[in-house]
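Remarks on the structure that follows.
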Amino acid sequence: MRRLAAALTACAIVQGSAAGAQAVRYSQQRNLFAVMDVPSTAVRSQPDTYVVKRGGAAVTISLDASTPHYDERQVDCRGGKLGYKLDKPNLFAYSCTVGGEIVYAVTKYGRTYHVGASDATEQIGYTIRYPASQRSYWDPVVKHMTHSLRFVH
């Protein structure tokens, strides 16, 4: 009987966690040739920046699309602690804890064009800053946003 009760409790916790993650609704946003899902509660504060208010905090999401002539893959923790880094040919991502915030940045790399005397590679990405105390809420949201980030032409 105790095993059954423990199994039912564990099942309820997993379902509750999944329901919490599924409760977030998203809207598709675009910046030049980048498109990504952001929480539908996000308000556009600038052409490429969205703000979500949750738990008394203003969470900032900055969506970026550019075609630079350089490939600069640098972690910018601004004195914080690096928690995660991924560096692949078409993807660069990292996460830092800075004070009481988590900073997550991701860049995806697309087509390379010959422009003048050099090459330029399409890059899309976003940066999000959220309270470390809200990590259990934001981590699945960040995962969803990262998976939805894609090039459009």
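The table below lists the values:
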item	result
Ascending count of other beta-carbon atoms within 10 Å, so fewest first, for CYS77, CYS96	CYS77, CYS96
Packing-based ranking, highest mean first, of 112-119, 129-136 given that Cβ atoms within 10 Å are counted	129-136, 112-119
Computed helical MRE - 222 nm, the chain, DSSP H runs ≥ 4 contributing -39500 (n - 2.57), nearest 500	-7500 deg cm²/dmol
Relative contact order (percent, whole number), the chain, Cα cutoff 8 Å, 6+ residue spacing	23
Cα-projected label distance for ARG111 with SER66, points at 7 Å along beta-carbon direction, nm	2.1
Crossing angle, helix 2-22 versus the chain [Cα axis fit, 0-90 degrees, rounded to tens]	30
Low-density loop positions, trypsin sites (Lys or Arg not before Pro), region 20-93 - DSSP coil, at most 13 other Cβ in 10 Å	ARG25, ARG73, ARG78
Largest-first principal axis extents, alpha carbons of the chain, Å	74, 31, 30
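Here, each number is a calculation from the coordinates, and none is a lab measurement. In this text, all values refer to a predicted model and were calculated from it rather than measured experimentally. No Cβ is skipped: glycine too gets one built from the backbone with ideal geometry, and neighbour counts run over all protein chains shown.
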